[in-house]
1. If a residue must be under 19 Å from ARG102 (Cα atoms), assigned to a loop (DSSP other than H, G, I, E, B) and among the hydrophobic types (A, V, I, L, M, F, W, C), how many such residues does the stretch 116-161 contain?
2. Being part of a helix (DSSP H, G or I), among the small types (Gly, Ala, Ser) and without any contact (Cβ under 8 Å) to a residue 12 or more places away in the chain narrows it down to one of ALA280, ALA248, ALA252, so name that one.
3. May I ask you to list the residues in the stretch 26-48 that are within 22 Å of VAL119 (Cα to Cα) and hydroxyl-bearing (Ser, Thr, Tyr)?
4. How many residues are of a type in the set (Ser, Thr, Tyr), surrounded by fewer than 22 Cβ atoms within 10 Å (Cβ to Cβ) and under 27 Å from ALA144 (Cα atoms) if we restrict to the stretch 28-68?
5. Hey, among ARG264, ARG287, which residue is out of contact with any strand residue (DSSP E or B) (no Cβ under 8 Å at 6 or more places or on another chain) and free of Cβ contacts under 8 Å to residues at least 40 places away in the same chain?
6. Take ASP98 and tell me if it is farther than 26 Å from GLY231 by Cβ and within 19 Å of the chain's Cα centre (by Cα).
Amino acid sequence: MHIGFIGLGRMGHGMAANLVNAGHTVTVYNRTAAKAEALARQGARVAHSVAEVCDGDVVITMLADDAAVEEIVFGEQGILASLAPGATHISSSTISVDLSRRLTAAHGGAEQHYVAAPVFGRPEAAAAAKLFVIAGGEPQRLQALAPVFDTIGQRTFVVSDQQHAANLVKLTGNFLIASVIESLGEVIALVGKAGLDRQQYVDILTSTLFNAPAYQTYGGLIAREEYKPAGFAATLGLKDVRLALAAADELAVPLPIASLLRDRFLTLLANGGGHLDWSAIATVAGRDAGLPFKGSDHSS
């Protein structure tokens, strides 16, 4: 398959590399061209414009937020203007439900296909092709794209023929992860202030009650205070909580914990921690408990 790929951050780079390694013809584009050099050595073709990367069957975007996706799709010589009729735009970005609806309408009006396929997993999972793909779109289109999803992930969940439903599932998942991080931060602050070994405590939790990746990954990061480099930046965590709140507002569903999480992220960002991994909201609980911060260069 001839695939274009836009967005070569820590997630996108691993996804694009797996597509190249699987034998697809892959053209890549990133605003910072240097990020494409390693992929070029693996066999990817490097495009110098969005239009140039849209000359195949599929173009995948893996971008930071709504604004970045809107610029790439709706901008002059963007995806909407450059993708051929009958070709498909797959958005793997974590975006709002509203933008996903607008993308569906815009691509449909241009006789193009649009599929929402956000993913669960951190950069190491992207590099290992171990992501979980949450897909929404026309059933026939999703079936045709199965080889792409199988290349980047270990399992694909088709949730709806409505594209925006996949984005809602992704946002709720990230909201739940942030909830886990907050609760872990609070209890690790409690046992830490009591003088117990934080890592041993996490090992006990994840060996007994909470043997799940979210608790294992984030419990370990919090216990060790390893917040750099960010696998998922705190600024993006705040963005996703806000998007979950916006979706809930539209449906008149209260999410009181999400409101708390928004404030926790705002506190972290206000204290200069936006560049840290989103698990660093645990430092807010620690600071509330009067504990010193011993991690990266984020000051308490």
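1. Final tally of qualifying residues: 1.
2. Exactly one of ALA280, ALA248, ALA252 is part of a helix (DSSP H, G or I), among the small types (Gly, Ala, Ser) and without any contact (Cβ under 8 Å) to a residue 12 or more places away in the chain, namely ALA248.
3. THR27, TYR29
4. So the first thing to find is which residues in the stretch 28-68 are of a type in the set (Ser, Thr, Tyr), and the list is 29, 32, 49, 61.
So of that shortlist, the ones also surrounded by fewer than 22 Cβ atoms within 10 Å (Cβ to Cβ) come out as 32, 49.
Now drop any that are not under 27 Å from ALA144 (Cα atoms), which leaves 49.
The number of residues fulfilling the criteria is 1.
5. Answer to the check: ARG287.
6. Values: farther than 26 Å from GLY231 by Cβ: yes; within 19 Å of the chain's Cα centre (by Cα): yes.
When the stated conditions are applied, ASP98 passes them.
Condition check ((1) more than 18 Å from ALA126 (Cβ to Cβ); (2) without any contact (Cβ under 8 Å) to a residue 60 or more places away in the chain) across all residues:
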residue: ASN18; (1), (2): no, no
residue: ASN21; (1), (2): no, yes
residue: GLY56; (1), (2): yes, yes
residue: LEU63; (1), (2): no, yes
residue: ILE72; (1), (2): yes, no
residue: PRO85; (1), (2): yes, yes
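Values in this text are rule-based calculations from the coordinates and carry no lab data. What you see is a predicted model, and the numbers here were worked out from it, not measured in a lab. Every residue, glycine as well, gets a Cβ built from its backbone with ideal geometry; the counts of neighbours run over all protein chains shown.
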